Amino acid sequence: MQKADESPLTIDEIATRLKCSRGWVQLSIDAGCPVDSESKVSIRDFMLFQLTNIHRIRELAGLPPMQTKGSSEDLRPNVKAILSTQLEWLQVKSTRSAVKTAAKLVYDRINALNEI
């Protein structure tokens, strides 16, 4: 990661930088992502928290458990779990039907890749 990824950011700044919902960032923080005294967190720490705590995030979001293949030595397989969880969460939480439809479409395509 670049040095800039280690600078603490607000929830809104992280959502803007990562192009994700502010609610998604808040969910991760509510799940235990560590923040500093000003409620800021670096993108690096935010991403590492998600990679290692996707089960906690899913539980807090009210989503069913998911099998992940990541290990403490290699967390890369958990990237798909984060994306899948975010797409599932959007289908449930978004108030915009276009967002729900797009999230379902992408989610279905990602899961179809497993069947090939």
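The values are calculated or read from the model by the stated rules, or taken from the named source; none is laboratory data. All of these numbers come straight from a predicted model, not from anything done at the bench. Counting neighbours? That spans all protein chains shown, and the Cβs are built from the backbone with ideal geometry, glycine included. Heavy atoms of the whole protein, side chains included, go into the accessibility calculation; ligands, DNA and RNA do not. Shrake-Rupley method; radii C 1.70, N 1.55, O 1.52, S 1.80 Å.
Quick notes on this structure:
- Under the convention that each Lys and Arg Cβ holds +1 and each Asp and Glu Cβ holds -1, the size of the dipole of the stretch 1-86 around its Cα centre is about 360 debye.
- What the stretch 2-96 shows is 60 Å² of accessible area per residue, with the surface traced by a 1.4 Å probe over protein heavy atoms.
- 3J(HN,Hα) along the stretch 78-87: 6, 4, 4, 5, 5, 4, 4, 5, 4, 5 Hz, from the Karplus curve 6.51 cos²θ - 1.76 cosθ + 1.60 with θ = phi - 60°, whole Hz, x for Gly and Pro.
- Helix 43-61 axis, angle to the chain major axis (alpha carbon atoms, nearest 10°): 50
- Apolar share of the accessible surface for the stretch 50-116: 57 percent from carbon plus sulfur atoms, 1.4 Å probe.
- Dividing the mean sequence gap of close Cα pairs (under 8 Å, 6+ apart) by how many residues the chain holds gives a relative contact order of 18 percent.
- In the chain, excluding the sites themselves, the longest stretch lacking any of the trypsin sites (Lys or Arg not before Pro) that are in a DSSP loop with at most 16 other Cβ atoms within 10 Å is 41-68.
- Within a Gaussian network of the chain (alpha carbon springs, distance under 10 Å), most fluctuating of PRO77, PRO64, PRO34: PRO64
- Values of log10 I(q)/I(0), in the order q = 0.20, 0.23 Å⁻¹, for the stretch 10-103 under a Debye, Cα-only, solvent-free model: -1.00, -1.27
- Projected label distance in nm at SER39 and THR95, using a 7 Å step from Cα toward the beta-carbon: 1.9
- Taken as Cα centroids, the stretch 55-74 and the stretch 20-52 sit 15 Å apart, rounded to the nearest whole angstrom.
- Amide H partners (placed H, <5 Å) of GLY70, local residues excluded: ASN78
- The stretch 46-96 - Debye-derived log10 I(q)/I(0), Cα point model, q = 0.31 Å⁻¹: -1.28
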